[in-house]
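J.: Below is the structure I would like to discuss, written out as structure tokens.
Just so it is clear, none of the values below were taken in a lab; they were calculated from the coordinates. Remember, it's a predicted structure, so these values are computed and weren't measured experimentally. Counting neighbours? That spans all protein chains shown, and the Cβs are built from the backbone with ideal geometry, glycine included.
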Amino acid sequence: MRNQKITVSVIGGHNADDEVERLAHNVGIIVAQVGCVLVCGGLFGVMEAACRGAKQAGGVTIGILPGKEKEEANKYVDIALPTSIGYARNVMVACSADIIIALPGSHGTRCEISYGFVYKRPIIDMGNWNIEGMIKVADLRGLELKLKELIKAISKETKQS
């Protein structure tokens, strides 16, 4: 039986405007409040804002870094995992997640979404991606409810294994 915490990868752009950073910060708070570990690419923009929110709410954060130095991580990452594999680390960000939350981003985020489908992870759309198979939520309250629903299903599934 699995006894690890549920991990939620928050994905999105490293060049985020103030509105997207506020959204990412609030997403990080919710991830921590529902008791999950936040995983991200460990750098800046959406990643840093989400980690900041999770830390503010008492959560744990993991940054899967593209480079080889832990110091590359943003200051809100608790566990920095350097990979030295550049953008190929997007595979790890998606695969390490039990649940993925996709915020606005660009090609790297779209790549992580694609890998999320490959690994059959539920992907919550908070970035207006409008890709078939993603779970669309309208707002932060919808996100919280959907996360709790998915966590319950994952927990039930692992108890039956």
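J.: One residue is enough: does the stretch 14-24 have a residue meeting the conditions under 13 Å from Leu143 (Cβ atoms) and either in contact (Cβ under 8 Å) with a residue 60 or more places away in the chain or out of contact with any Lys or Arg (no Cβ under 6 Å at 6 or more places or on another chain) (or both)?
T.: yes
J.: Cβ-Cβ below 9 Å, separation at least six or inter-chain, first residue in the stretch 67-79 and without any contact (Cβ under 8 Å) to a residue 60 or more places away in the chain and surrounded by fewer than 16 Cβ atoms within 10 Å (Cβ to Cβ), second part of a strand (DSSP E or B) and among the polar types (S, T, N, Q): which pairs?
T.: Hits for this filter: Asp78/Thr61; Ile79/Thr61.
J.: Looking at (1) over 18 Å from Glu21 (Cα atoms); (2) surrounded by fewer than 18 Cβ atoms within 10 Å (Cβ to Cβ), which one does Ala97 not meet, given that it meets all the others?
T.: (2)
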